[in-house]
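Have a look at the structure below before the remarks.
FYI, it's all coordinate maths here, none of it is from the lab. Remember, predicted model here, so these are calculated numbers, not experimental data. Note: ideal-geometry Cβ built from the backbone for every residue, glycine included; neighbour counts use all protein chains shown.
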Amino acid sequence: MKRLRQLLVLVVLGFLLAGSLLAVAAPATELPPGLQIPEAARPGPDFNADRATDAYVNLLSAEQRAQSDAYFEGGYWLQLWDLLYGLAVAWILLRSGLSRKMRDIGRRMSKRPSLVTMIYVVQWLLIGSLLMLPLTIYSGFFREHAYGLATQTFGEWSVDQLKELLISLIILPVVIALLYGAVRKTGERWWIWATGGAFVLILFFMMIAPVFLDPVFNDYKPLRQGEVREQVLSLARANMIPDNNVVEFDASKQTTRISANVSGFLGTTRVALNDNLLDRTSKPEILAVLGHEMGHYVLNHGLRLVIYMTLILGLGFWVVHRSFDRALLRWGPRFGLEGRADPAALPLALAILSLFFFFATPLTNSVVRQAEAEADAYGLNAAQEPNGFAMAAMRLSTYRKIKPGVLEEIIFYDHPSGYARVHRSMLWLQEHQDNATANAGAQHRQ
């Protein structure tokens, strides 16, 4: 009971900390609905991509830009707090003996190692989620509302969090039991087998997510009838993407962000647009965003990124392999840990892995950012909507710092910056000045 009281006190203190960290900030003002083309972004003999880009950047007010910078730069610190808070939770589970007791409960319930591991993981998910709750609430609810990016009540948000927890309780015990099975059966080579297994599992969940996981959180229905639907279907057919599953989903019940995606494979491919994109933007923006997402599909980024990220994960497993036994020698007897195959040592292994991924952030971000830049280029050529893409980039820049430094972008950005995306759009327009959207209404210039 004493340990339980200490944990509850920690959670209450965490809630107080979350409240004190809540930034006092007015919600960021969104850009008005519809396409805005600055005069400098109109084709002409004096067109200049740099001037056109600056004109787009100036669509953000000083207040909007300050809000965007504050939100995004705060995310840098949040990555550090996530790491430190997670390490603290791991230390509590190990130092208090709670991790060892959870393993012993599993052993009393079953003699089979795989079931012991699964029982342990269920307890670890429940207690770990409770301990992480203050930071989760701050980062996922308070902070998002403070910057005008969330639309859910606390109750609605909590329901989604419970859904995520339930899905984790169904999936993760089996996945981690398989991982520990590899540790027991393959000895020193466990990290190689774990890497291969991770690759297969990621592909599997990519395939089932559009069908079984995403609908748990949002309602998906066929894309509404109209001109936009016909042009989206035409764009899909022109890029050899299946057009039999083009849908929209109600993201507005959770967020103010615009988004779309082309996901799934092996018969589960789905083109999905969120209702914010459909309701608050223009047709050129919608087609530009879809062109980008279709670029990911056509360029096979899904499989390529899975391969790259699996290799990075494999390196992380190797780091855990090299460090874990040494850590067990130092702290194992104190915490009652029996070896690398002991599920009670899971918090220690994950602490090492989280440290690896924290320091690998520039690498993982750069891998993703390269694919995003390729999809940008593909989308510009596929949709041929440079002003639509520039405007969409500006909408994203209401919560993504628009013009970071070079090193800042390498370390913290998993997408090209807003400035870089607008500039690439204007460079494309500079070479295609007969673009229909850019010339539409040009006669009304003042």
Query raised in the report: Taking Lys253 as the anchor, which lysines have their alpha carbon closer than 21 Å to its alpha carbon, excluding any fewer than eight residues away along the same chain?
Result: Lys163, Lys221
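Can you tell me how much longer the chain between Phe359 and Leu303 gets when fully stretched, taken as 0.36 nm per residue apart minus their C-alpha distance, in nm with one decimal?
Details: separation 56, 0.36 × 56 = 20.16 nm, distance 2.42 nm.
Roughly 17.7 nm would be gained on extension.
Based on the alpha carbons, how large is the Rg to Rh ratio for the chain when Rh follows Kirkwood?
On the way: Rg = 24.3 Å, Rh = 24.2 Å.
My calculation puts Rg/Rh at 1.01.
Under the rule of -39500 (n - 2.57) per DSSP H run of 4 or more residues, summed and divided by the residues of the chain, what mean residue ellipticity at 222 nm is obtained, to the nearest 500 deg cm²/dmol? Please list the in-between numbers first.
Numbers: 18 runs with 298 residues, N = 446.
Rounded to the nearest 500, it is -22500 deg cm²/dmol.
I need the peptides 247-258, 55-66 ranked by packing, meaning the mean over residues of other C-beta atoms within 10 angstrom, with the highest value on top. Walk me through the numbers on the way to the answer.
Details: 247-258: 18.5, 55-66: 16.3.
Averaged packing, sorted descending, gives the order 247-258, 55-66.
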Query - Efficiency of FRET from Cβ geometry, Lys111 and Asp414, R₀ 41 Å, rounded to 0.05 - result: 0.35
Query raised in the report: For segment 291-356, what is the Kirkwood hydrodynamic radius in Å, using each pair of distinct C-alpha atoms?
Result: 13.9
Query raised in the report: On full extension of the chain, what length is gained from Glu73 through Val211, given 0.36 nm per residue of separation minus the C-alpha to C-alpha distance?
Result: 46.2 nm
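Can you give the FRET efficiency for Asp250 and Ser61, using 1/(1 + (r/R0)^6), R0 = 25 Å, r = Cβ-Cβ distance, to the nearest 0.05? Intermediate values should be presented prior to the final figure.
Values: r = 29 Å, r/R0 = 1.17.
Efficiency at R0 = 25 Å is approximately 0.30.
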Query raised in the report: So, in Å, what gap is there between the alpha-carbon centers of segment 28-82 and segment 109-175?
Result: 35
**Report entry** Straight-distance crosslink candidates among lysines, where the alpha carbon sits under 20 Å from Lys111 and sequence neighbours closer than 8 are dropped
**Finding:** Lys101, Lys185
Report task. Take the chain, connect every pair of alpha-carbon atoms lying under 10 Å apart with a spring to form a Gaussian network, then pick out the residue of Ala288, Ala436, Ala70 with the largest mean-square fluctuation. Result -> Ala436
Query - Selected from Gly405, Tyr85, Trp190, residue furthest toward positive end of dipole (the chain; charges at beta carbon) - result: Trp190
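Report the full-extension gain for the segment Arg326 to Leu80: residue separation times 0.36 nm, less the Cα-Cα distance, to one decimal in nm. List each step's numbers first, then the result.
Numbers: separation 246, 0.36 × 246 = 88.56 nm, distance 2.49 nm.
Net length gain for the segment: 86.1 nm.
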Query raised in the report: In segment 101-178, which trypsin sites (Lys or Arg not before Pro) are in a loop and have at most 13 other Cβ atoms within 10 Å, using DSSP for the loop call?
Result: Lys111
Report task. Assign unit charges at the C-beta atoms only (+1 for Lys and Arg, -1 for Asp and Glu), then state the dipole size of segment 66-118 relative to its Cα centre in Debye, rounded to the nearest 20. Result -> 900
